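What follows is calculated from the coordinates using simple rules that are stated; it is not laboratory data. Keep in mind that what you see is a predicted model, and the values were worked out from it rather than measured. Methodologically, a virtual Cβ is constructed for each residue, glycine included, from the backbone with ideal geometry; neighbour enumeration extends over all protein chains shown.
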Amino acid sequence: MNISILKHVFAVCIVLSVLFWSSRSSAQCCGVDPSGGKEESAEEGTPLETKLPMLLDLGAKKCIPCKMMAPILEELEKEYEGIFTVKFIDVWQKENAAEAGKYKIESIPTQIFFDENGKELWRHTGFISKADILKKWKALGCDFEWMKKKSEEKK
């Protein structure tokens, strides 16, 4: 057989194996299993909390685009409870002013996507739709729609 053909066959095999393993790993995106983010303690039989990915929205309750984001964040928080965390910080409140500096916020609203270990994966400034948030999570390797369906099937 021609060596050039063997190289192409080998390359195709590698690509297919990468695609196979990446599709299998999306079920446990960001280290979270579809059971709702809880494990059973072998010793006590009690649930243990696991770390979850987080969407952090830094904004203000009086900011118009931030007000538009509020119902989206509430929906995500309810629909994906136990799958990923949604947190809002009003950086215009005195007690939260340091958070804007901590996260180097230049404009609001700013959404920051974190993995389960707190590592920043991506950030966006301005309004972002619910569909675009979920698309971005999926592009980052977290298929929360799949996980949500699995957790609903267990109920």
### Summary
With criteria (1) over 16 Å from PHE88 (Cα atoms); (2) surrounded by 18 or more Cβ atoms within 10 Å (Cβ to Cβ); (3) not hydrophobic (A, V, I, L, M, F, W, C), LYS119 comes up short on (2)
### Message
Which numbered condition in (1) more than 23 Å from MET147 (Cβ to Cβ); (2) free of Cβ contacts under 8 Å to residues at least 24 places away in the same chain; (3) assigned to a helix (DSSP H, G or I) is the only one that CYS66 fails?
### Response
(2)
## Note on the structure
Across (1) acidic (Asp, Glu); (2) free of Cβ contacts under 8 Å to residues at least 24 places away in the same chain; (3) touching a Leu at 6+ places or on another chain (Cβ under 7 Å), ASP132 clears everything bar (3)
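Go through region 72-110 and count every residue that is in a loop (DSSP other than H, G, I, E, B), crowded, with 18+ Cβ neighbours inside 10 Å and within 13 Å of the chain's Cα centre (by Cα).
Taking region 72-110 as the starting set, the residues that turn out to be in a loop (DSSP other than H, G, I, E, B) are 80-84, 91-93, 103-109.
Restricting the remaining residues to those that are crowded, with 18+ Cβ neighbours inside 10 Å gives 80, 83-84, 91, 105, 108-109.
With within 13 Å of the chain's Cα centre (by Cα) added as a condition, the list becomes 80, 83-84.
Number satisfying all stated conditions: 3.
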### Per-region count, region 118-155, residues of a type outside the set (Val, Ile, Thr) and not in a helix (DSSP H, G or I)
15
### Message
Regarding region 95-116, can at least one residue be identified that is among the hydroxyl-bearing types (Ser, Thr, Tyr), over 20 Å from MET68 (Cβ atoms) and out of contact with any Gly (no Cβ under 7 Å at 6 or more places or on another chain)?
### Response
yes
#### Entry: Residue among LYS130, LYS148 that is crowded, with 16+ Cβ neighbours inside 10 Å and out of contact with any strand residue (DSSP E or B) (no Cβ under 9 Å at 6 or more places or on another chain)
LYS148
